[in-house]
């Protein structure tokens, strides 16, 4: 497996909770990316930029921020340029302290995908408990 593919697999093993994707340096800062989030019937296109698992997602269609409080199960898949799965896994999730019990929080789904310069694709999907600010 090529070096960049190993890095993609390593990222897949360490970042499923991060809700960030690694995008080419020319397109955006490292550990930043576009993430689609659906809460009920509302679909958000968000930008996540940070190094932590609980990094807020900025809604590109408004001034709102989606703040993650807990993650449910998430799955990741890495495919080679021919679409063959080379790695996959499931993460059970985690909560940020006692915040999973926060009033006004809502369970949502998220997903993102990115392809590196060698054609390997890293995809993640899962659930997240979060709050939207400002409310309204």
Just order 110-122, 84-96 by mean Cβ neighbour count inside 10 Å, highest at the front, would you? 110-122, 84-96
Among 63, 77, which comes first, then next, by fewest other beta-carbon atoms within 10 Å? 63, 77
If you rank 74, 125 by fewest surrounding Cβ atoms within 10 Å, what's the result? 125, 74
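Taken together, the values in this text are just the output of simple stated rules run on the coordinates, not laboratory data. Remember, predicted model here, so these are calculated numbers, not experimental data. Backbone-built Cβ (ideal geometry, glycine too); neighbour counts: all protein chains shown.
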